[in-house]
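Data block below; observations after.
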Amino acid sequence: MKKVLAIESSCDETACAIIDEELNILSSVVTSQIDVHARFGGVIPEIASRMHVEQISIIVEEALKQANLTVDDVDAIAYTIGPGLIGSLHIGGIAAKTLSFFYDKPLIGVHHLKGHIFINDLIKPLEYPAMALVVSGGHSELVYMENDDSFKIIGTTLDDAVGESYDKVARVIGLEYPGGPKIDKLSKEGKKNYELPTPRVDGYNFSFSGLKNAALQLVNKMNMKNEEVNKADLSYAFQETALNLLVNKTLKALEEYKDVKTVVVAGGVAANSRLRELMQEKIKGPDVILPPLKYCTDNATMIGVAAMHYLKHNKFVTLDAESKPNMSIED
Ligand code: KG4
Ligand code: ZN
């Protein structure tokens, strides 16, 4: 059975996983730099690259050890080719290319967001056409997939990504990076107390900067008046507005794309408990697949699972492939 060794290093997680074509996870090792970046309130690209350099060999060795395999035993080397932080992408790319060259293994350059989408295969192989709601720290997109090799962006954010807005709102109320999971938790204790404007955007596009700024201004005004912000209520107001926008746009898209059989949620924000609830509650008809919580945020298992689709379509890259920090999912 074919096996892939996959590397992920697009942002602040260094990860390596080995999976086989039946999607058995033979090992999956992730080391996060979150504790270091939390001190600065967000990811510092230069620090991220340096930490990837320190970690990458250790993580690859650990993944091989846990799977009880050597590089000779795997059939291909996969890595995240983009999008992401250029320095971070380079480190994973160099590691993957070195292994590919030295052990003479084919090389697969995986799009990071395809990794987030295809990790849903672990729950159930996706049925096509599929619609993916991609919600991460860097992206908010609605992607229509006619098959596993066709990606059409039908809606995207015009400004901030949803995860990025979560992190910024969290920061202003004193929650540590990454703020998404903390707002998710706090919202459960919150009530409808503050009004925030629902962003109005045409078509299937999203916008989050107006909502984020309204939340920031509300906090600033209250601070100036020496009034205490109720963090749980603000989290609730922000989260309900942001998530209902995402879910309503998905519903709107499904009215046009009536042939969709599966709706999947993908990316770090897919870990959000309220988003998971809303998607299941509101979407009737197509199957709704939510990624396993453990694999919502960045990991290499998702790169390995996506690589199986690349392998099926004989999509390989050569050793001179360049990392693409702004790569579109349509590329
Ligand atoms: O996919 P990911 O790990 O990295 C990128 O590819 O961007 O996503 C990270 C983002 C962060 O913005 C983080 O705050 C957000 O996902 N996030 C969440 C939750 N868990 C992670 N946002 C809302 N609720 C959560 N439970
Ligand atoms: Zn990601």
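A few points about this structure:
- Residue under evaluation Asp159, criteria (1) farther than 17 Å from Glu240 by Cα; (2) at pLDDT below 95; (3) of a type in the set (Asp, Glu), criterion not met: (2)
- Taking the conditions (1) at positive phi; (2) within 14 Å of the chain's Cα centre (by Cα) in turn, Gly137 satisfies each one other than (1).
- Identity of the residue in the range 20-30, over 16 Å from the mean Cα position of the chain (by Cα) and either basic (Lys, Arg) or under 27 Å from Arg50 (Cα atoms) (or both), that ends up surrounded by the most Cβ atoms within 10 Å (Cβ to Cβ): Val29
Residues are listed down the side, and each one gets a yes or a no for (1) part of a loop (DSSP other than H, G, I, E, B); (2) open to solvent by less than 20 Å² (accessible area, probe 1.4 Å); (3) not polar (S, T, N, Q):
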position: Thr198; (1), (2), (3): yes, no, no
position: Val201; (1), (2), (3): yes, no, yes
position: Glu227; (1), (2), (3): yes, no, yes
position: Ser235; (1), (2), (3): no, yes, no
position: Val260; (1), (2), (3): yes, yes, yes
position: Glu277; (1), (2), (3): no, no, yes
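- Pro199 vs. criteria more than 19 Å from the chain's Cα centre (by Cα), closer than 18 Å to His139 by Cβ and not hydroxyl-bearing (Ser, Thr, Tyr): yes
- Any hit, the range 285-296, residues being free of Cβ contacts under 8 Å to residues at least 40 places away in the same chain, out of contact with any helix residue (DSSP H, G or I) (no Cβ under 9 Å at 6 or more places or on another chain) and not in a helix (DSSP H, G or I): no
- Considering the range 156-174, and only residues there that are open to solvent by 30 Å² or more (accessible area, probe 1.4 Å) and more than 10 Å from ligand 1 (Cβ to nearest atom), the residue that is nearest to Ile34 (Cα to Cα) turns out to be Arg171.
- Restricting the search to helices (runs of 4 or more DSSP H) fully inside the range 1-107 and requiring at least 1 residues that are in contact with a strand residue (DSSP E or B) (Cβ under 6 Å, 6 or more places away or on another chain) and of a type in the set (Gly, Ala, Ser) gives 45-67, 86-103.
- The range 103-152 - residue that is open to solvent by 40 Å² or more (accessible area, probe 1.4 Å) and free of Cβ contacts under 8 Å to residues at least 24 places away in the same chain and, of those, farthest from ligand 1 (Cβ to nearest atom): Asp104
- Of all residues in the range 270-303, those that are touching a Phe, Trp or Tyr at 6+ places or on another chain (Cβ under 7 Å) and near ligand 1 (Cβ under 10 Å from one of its atoms) total 1.
- Looking only at the range 291-331, and only at residues there that are within 17 Å of Ala95 (Cα to Cα) and among the β-branched types (Val, Ile, Thr), the one that is nearest to ligand 2 (Cβ to nearest atom): Ile303
- Subset of the range 120-165 that is in contact with a Pro (Cβ under 8 Å, 6 or more places away or on another chain) and in a helix (DSSP H, G or I) - its residue that is farthest from ligand 2 (Cβ to nearest atom): Leu122
The values are calculated or read from the model by the stated rules, or taken from the named source; none is laboratory data. On a predicted model such as this, the values are computed, not experimentally measured, just so you know. In this analysis, Cβ positions are derived from the backbone assuming ideal geometry, glycine residues included, and neighbour counts consider all displayed protein chains. Only protein heavy atoms, including side chains, enter the accessible area calculation; ligands, DNA and RNA are left aside. Shrake-Rupley method; radii C 1.70, N 1.55, O 1.52, S 1.80 Å.
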